[in-house]
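Engineer: Attaching a single structure in structure tokens format; questions to follow.
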Amino acid sequence: MSDAQKNPQNAPKKKNDNLSLPLRAEDFSGWYNDLVKRAKLADNSDVRGSMVIRPNGYAIWENMQKVLDGMFKDTGHQNAYFPVLIPESYLAKEKKHVADFAPQVAVVTHAGGKALPEGERYVIRPTSETIINRSFTNWVQSYRDLPILINQWANVIRWEMRPRLFLRTTEFLWQEGHTCHATEAEATEETLRMLDVYERFAEDYMAMPVIKGQKTESEKFPGAVNTYSIEAMMQDKKALQAGTSHMLGQNFAKMFDTMYQSKEGQKEYVWQTSWGVSTRLIGALIMTHSDDQGLIVPPKLAPMQCVIVIIGKTPEERGAVRAKAQALAADLKKAGIRVLVDDDETKGPGFKYAEYELRGACVRVDLGPKDLEKNQAMLKRRDVAEKETLGLDAVVARVGELLEVMQKDLFNKAKTFRDTHTFEVNTVEELKAKADDGFLLMHWDGTPETEKRIKDEFGVTTRNRPFDLKQEPGKCVLTGNPSTGRIVFAKAY
RNA sequence: CGGGGCGUAGCGCAGUCUGGUAGCGCGUCUGCCUUGGGCGCAGAAGGUCGUCGGUUCGAAUCCGGCCGCCCCGACCA
């Protein structure tokens, strides 16, 4: 008698069979964690809160970088690189900056085999405003030197209390833009321009609808005059801040004496901006589109846009199919489609179907002996259940079409989801009832005290004041005091 | 740091209540077989049961300390 018979509970159960993911509806964070690991996007490492980004995950990041970098260059920015270590004293110059960042900063206290004296320590950059400003001060003399438009691709470290793969890791990869301008108006224009770039990237490439708007006083970046963000809704109806753009005013310029001589011969402080998105976007991508079968990546960013699965048993069959598949792959590649041919004979087709669904291949092409006979192939889009069969000559064009339609459909699906989970909320009762249901458009009296009370009592925080939400006066949901317009509240990552 | 859960084979877990010297599924390896939705059969390798100490003839199991991980909150991109 086997042990499985003696102990029925030893028989494989649905949840621990190593095959299926936890269901989104039952265990969203379990689903997310499992998906990240099973799709081989990233692993937890032995370093607290730091992850190993695996090739499948890094490929998505590379595609994001490629697109974003192009957008930055198109708007006149250049890449540069600044030190990972920042003198501790720099960070301390901007009061609000240091006060807010200090708790999350890792400090280098020993180097060269001995303790560094107080005052000569370094912090590992949590963000680079300070050290970049040090350079800006050297670079700027005249109004003719402006604007300075710099971007840096880098890693930063923030000692977060509760890390989560991609969403909040101790070390993460990002880009940070830093610019200097002669006037306040130019800096504001730049801040909003880059917010638009982020919106376009999120919506056109990630297929993720976002709300563009202004952050409240208490949610502002430490040291900024104004912070703007794009906010997205994940499938668990929680909000995720997907990108931020800051109008820094002259705060850092004053601390670092970043000045220029104007046409009129006056010494003036520069006006500055900074803006960034991070590997968090990969988490956003996953939580926006993926399903219980695994990863779904919008085609424009997908490392695997198309996979051709070869079917056949005899060497003759396989040989013929392989030749066709390779020719097809070459044509697809010529059409600009990222394609992979799977000719692994050790795994059955069923296994492969499940595997490519888990790993997020956008379109699957099945090619077997039966297809060759009829000169056809079978196509399957990752995000819909239907399969279709069509003539081999039409495959390249059709795959291209499917990728385009899929890109649009993913966006529309996500937008419909967000819109059906966005509500106007006017009373405390409604607030209580809908706190977990998505984005709440509420009147708020504008005070940090009320903001905090709402957060403490209902768990929702201000996300941003949307640009395209008409601001009409009303009464604060909590206090009844006057409000200038509705603002988005939600539970947030 | 507060609340909850968990550390047993590469992965997912059972066994702990009731102490007797470790098991299931998946994966891996070998051979045969199979390939249109997670193939099948046969065989094999693989674990000082997180760690330290205590109780006991005997500890994965009971008791105590420590370490680590995950989830929910506070911090945050």
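The values are calculated or read from the model by the stated rules, or taken from the named source; none is laboratory data. Just so it is clear, the structure is predicted and the values come from calculations on it, not from any experiment. Calculation scope for accessible area: heavy atoms of the full protein, side chains included, ligands and nucleic acids excluded. Shrake-Rupley method; radii C 1.70, N 1.55, O 1.52, S 1.80 Å.
Engineer: What do the square roots of 5 times the Cα gyration tensor eigenvalues come to for the stretch A:271-369, in whole Å, largest first, as semi-axes of the equivalent ellipsoid?
Structural biologist: After diagonalising the Cα gyration tensor, the semi-axes are 34, 17, 8 Å.
Engineer: Give the angle, between 0 and 90 degrees and rounded to the nearest 10, that separates the Cα long axis of helix A:55-74 from the longest principal axis of the Cα atoms of chain A.
Structural biologist: Helix A:55-74 sits roughly 50 degrees off the main axis of chain A.
Engineer: Another question about this same structure. Carbon and sulfur together cover what percent of the accessible area of the stretch A:353-428 at a 1.4 Å probe radius?
Structural biologist: Carbon and sulfur atoms account for 52 percent of the accessible area of the stretch A:353-428.
Engineer: Something else now. Across the stretch A:102-110, in residue order, what do the Karplus-derived ³J(HN,Hα) couplings come to in whole Hz, using 6.51 cos²θ - 1.76 cosθ + 1.60 with θ = phi - 60° and x for Gly and Pro?
Structural biologist: Ordered by residue, 3J(HN,Hα) equals 3, x, 9, 9, 8, 10, 8, 9, 10 Hz.
Engineer: Report, in listed order, any pair from A:LYS415/A:LYS455; A:LYS238/A:LYS470; A:LYS313/A:LYS370 with a Cα-Cα distance greater than 21 Å.
Structural biologist: Check vs 21 Å cut-off fails for A:LYS415/A:LYS455; A:LYS238/A:LYS470.
Engineer: List every residue whose amide H lies under 5 Å from the amide H of A:THR461, counting only residues 5 or more places away in sequence or on a different chain, with H placed 1.01 Å from N in the peptide plane.
Structural biologist: A:ALA490, A:LYS491, A:ALA492
Engineer: When the accessible area of the stretch A:102-232 is split by element with a 1.4 Å probe, what percent falls to carbon and sulfur?
Structural biologist: With neighbouring chains kept in place, the figure for the stretch A:102-232 is 49 percent.
Engineer: Something else: Once the Cα atoms of helix A:448-458 and of chain A are each reduced to a long axis, what angle between those two axes, in degrees from 0 to 90 to the nearest 10, is obtained?
Structural biologist: In chain A, helix A:448-458 runs at an angle near 30 degrees to the longest axis.
Engineer: Mind grabbing the accessible area of A:LEU441 for me, 1.4 Å probe, Å², rounded to tens?
Structural biologist: 30 Å²
Engineer: Rounded to the nearest 5, what % of DSSP beta bridges with both residues in the stretch A:422-490 are antiparallel?
Structural biologist: Of those bridges, close to 65 percent are antiparallel.
Engineer: Same structure, new question: Using a 1.4 angstrom probe on the protein heavy atoms only, line up A:VAL123, A:VAL225 by accessible area, largest first.
Structural biologist: A:VAL225, A:VAL123
Engineer: Give the angle, between 0 and 90 degrees and rounded to the nearest 10, that separates the Cα long axis of helix A:28-38 from the longest principal axis of the Cα atoms of chain A.
Structural biologist: Around 70 degrees separate the two axes.
Engineer: Next up: List the residues, sorted by chain then number, that are 5 or more residues from A:VAL277 or on another chain and whose placed amide H is less than 5 Å from its amide H.
Structural biologist: Excluding prolines and chain starts, which carry no amide H, the hits are A:GLN175.
Engineer: Could you state the accessible area per residue of chain A in Å², with a 1.4 Å probe and every protein chain left in place?
Structural biologist: 47 Å²
Engineer: For all pairs of alpha-carbon atoms in chain A, what percent lies in each bin of width 20 Å, listed from the first bin to the last filled one?
Structural biologist: 20, 47, 27, 6, 0
Engineer: Tell me, what HN-Hα J-couplings in whole Hz come from the Karplus equation 6.51 cos²θ - 1.76 cosθ + 1.60 at θ = phi - 60° for each residue of the stretch A:338-344, using x for Gly and Pro?
Structural biologist: For the stretch A:338-344, the Karplus-derived couplings read 6, 10, 10, 9, 9, 10, 6 Hz, x marking Gly and Pro.
Engineer: Can you compute 3J(HN,Hα) from phi for each residue in the stretch A:207-217, using the Karplus curve 6.51 cos²θ - 1.76 cosθ + 1.60 with θ = phi - 60°, rounded to whole Hz and x for Gly and Pro?
Structural biologist: Once rounded to whole Hz, the list reads 6, 10, x, 10, 9, 8, x, 9, 7, 6, 3.
Engineer: Additional query: Given the rule -39500 (n - 2.57) for each run of at least 4 DSSP H residues, summed and divided by the residues of chain A, what is its mean residue ellipticity at 222 nm, to the nearest 500 deg cm²/dmol?
Structural biologist: It comes out at -11000 deg cm²/dmol, rounded to the nearest 500.
Engineer: Restricting things to alpha carbons, find the Rg to Rh ratio for the stretch A:40-289 using the Kirkwood radius for Rh.
Structural biologist: That ratio equals 0.97.
Engineer: Heads up, I need the accessible area for A:HIS421: 1.4 angstrom probe, whole protein in place, Å², nearest 10.
Structural biologist: Counting only protein heavy atoms, A:HIS421 exposes about 40 Å² to solvent.
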